[in-house]
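Q: Mind having a look at this structure? Questions to follow.
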Amino acid sequence: MRLIKLLLIPFLLVNVINADYVDTGHAKVSIVKQNAFFDENNEIFVGIKMDMQKNWHTYWKNPGDSGGPLTVEWSFKTSNNQLVTASDTFWPKPSLIPYPPLMTYGYSDFVIFPFKLKNTNIYDDFYLEANINFLICDDICVPESATIKTKFSDISLDNNLAKWINMVPASTLPIVAKVKNNILEIRFSFNEDIEDIHFFSDDQNLTAHSKIQNLKQEENNWLLEVPLASLEVKDKISGVLNINSNETFLIDSNIEQISLDTSISIFQALLFALIGGLILNLMPCVFPIISLKVLSFVSMGGDSAGKIRIHSFIFSLGVIATFLIIAGILLFFRTIGEFAGWGFQLQSPVIVAFLCLLMFIIGLILLLDINIGTNLSKLGSIGSNDSSYFSSFMTGVLAVVVASPCTAPFMGAAIGYALIQPSLITIPVFLSLALGFAAPYLILGFNPALISKMPKPGEWMVTLREFLAFPMFATAIWLLWVFSLQTNLNSLVSLIISVFIISFLTWIFIKVNKQIYKVLLIVFGLILLSFQMTQINYENKSNSENILTEENIIWEKDIEQKYRAANQSYLINFTAAWCITCQANDKVALSRKAVKHYLKVNDINYVVADWTNKDSEILDVLSSYGRSGVPLYVFWRPGMQDPLILPAILTEQILLKNLK
């Protein structure tokens, strides 16, 4: 791959009077005119003529991925109060100039840039001066300059100027423009076959210049799909549409921005968030924490109704505070130009490792009924039958942290809507989600009679508490597996050693009797674990390493556009190892033999987009579908105008029904 090197070597400005051209180093630059006299409107075309060395090129007003356009500063010296003005540059249609992996727009070898001069007195001669600056490139790029001073009557006539004037687009082509799924859709009518086509945007930051623009013939018109460089698009587009290399049209149109499943109202988003929060309690990733909280409510069955209400309120306060903190972090990322999705914290191996150890510690405390002292019991008593208010608050916090990898039905559309709205809308949607998540415990706490209908506290609670240690261990194993997919083998071994250290120190903790020894042991354990955790390499490995199988097609940017251009059916699974819902759907639906057989027989490409580690390109596509997290299942087949988003919770029957 060739690299563009910008040589910041200043070239001397050359002032030449009555010369045919100025040699700037890699181009001969001159001024030419179309006619000897101004026309009846007191106007005349002149041109900046650039005869470049072979294979050298300069740039259009939008240079593409790199480069810079020509600039000219005009000045005129006249007599008898004449007024001469120069127009902006008339830009001839550009050509594609590939520079892999970049794409640039401009002119190779030779170009004339037309300008229109207007004179209030056509009978008098005058002097003009043009200060010309341009970038000229081959294997390297060089900024060059020329200053030309001459009398108007001395400017040479050049018949080529008329040719380049004719190459300036003059007629506007009516189009219908929409933005959907980060694609600019341009629909237009054209009566001839189209062999090649390209849209050159006036806005350098609008389109992805190096991406393929796909052309489709619809029933009554043509559709050109232009990949966009950003999710933020203005209300209008302008540029040039070059068809078959010989017909060029101006494009100037309003655009309609649409995005799948984002057309919900604020009231629908609040309702969806409330329902999604309620359903989130049923997700498998939340069960280990929530079951402990229910157990703590049962243990308080004999306490006063007021105390139970306070615990319920404080637990809910922990839930709400954590949801709002997550919303605040997401909004902060958005203000600094980044965009993070739902469950973003589990894309960090550091947090995954910490949660893995925390779940293992809580499991040991539940199984062995360890009392680690009044000053250090807060962490270990999360979710247990400890009666402290801090325990209830931290249980709410931990429940949300563990629940965030899951996306419940209704919840995906609500969060996706919230994250593209102003802060005044985003915060209420997350608050509604938090209230939905906390609602069952608020109801339980404010209706102690419901608790009294549960089994009375007794020996069975000890057995249940010990049993609930095993979901904690299962969660720790799951997080250990997620960590193994995010990092390397050495890091995994280091984390397993940390688990071993915790197990060994727990055994010693049980054996010693003196409280001072227990405190010293805890302090020593924290120091040892801190050191051990610093030895772990937390650098993420590639997502593609996690999903390389013979059956899966690895997702890549623009894969949907390529498949649609080729009329190839596809099913894309946006997933992550830390998403329990994703893994459950894979086991009960996507990996079933009947589903695999259906995909194969019907030639449906199965694509896996793994979001276990941070991937901004996957997040961009999720956002285009009105989502901010996984799972997301997208299905398309020829004949469908838009892709179909499948339900977030799948079974074999639901999946096959939607595919059929």
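Q: Normalised by the empirical 2.2 N^0.38 Å for globular proteins, what value does the Cα Rg of region 547-660 take?
A: Working it through for region 547-660, the quotient is 0.98.
Q: Please work out the Cα center distance from region 203-225 to region 588-623, rounded to the nearest Å.
A: Each part reduced to its Cα centre gives a spacing of 26 Å.
Q: Still on this structure, please answer the following. Which one, VAL22, PHE126, CYS141, is farthest towards the positive end of the dipole of region 15-166 when Lys and Arg carry +1 and Asp and Glu -1 on their Cβ?
A: PHE126
Q: Something else now. With 10 angstrom as the radius, rank VAL401, VAL350, VAL32 by how many other C-beta atoms surround their C-beta, starting from the fewest.
A: Fewest to most other Cβ atoms nearby, the residues stand as VAL350, VAL401, VAL32.
Q: On to the next question. I need the peptides 129-139, 76-86, 506-516 ranked by packing, meaning the mean over residues of other C-beta atoms within 10 angstrom, with the highest value on top.
A: Ranked from most to least packed, the peptides come out as 129-139, 76-86, 506-516.
Q: Moving on to the next point. Kirkwood Rh and Cα-based Rg: tell me the resulting Rg over Rh for region 176-257, rounded to two decimals.
A: 0.93
Q: For the pair ASP109/LYS511, report the inter-label distance in nm, with labels modelled 7 Å from Cα in the Cβ direction.
A: So the label points at ASP109 and LYS511 sit 8.7 nm apart.
Q: Out of every Cα pair in region 15-166, what percent are spaced more than 20 Å from each other?
A: 47 percent
Q: Counting other Cβ atoms within 10 Å of each Cβ, which GluC sites (Glu not before Pro) in region 26-118 have at most 11 and sit in a DSSP loop?
A: Hits after loop and neighbour filter: GLU40.
Coordinate-derived values only; no laboratory data. All values derive from a computational prediction rather than experimental measurement. Virtual Cβ from ideal backbone geometry, glycine too; neighbours counted across all protein chains shown.
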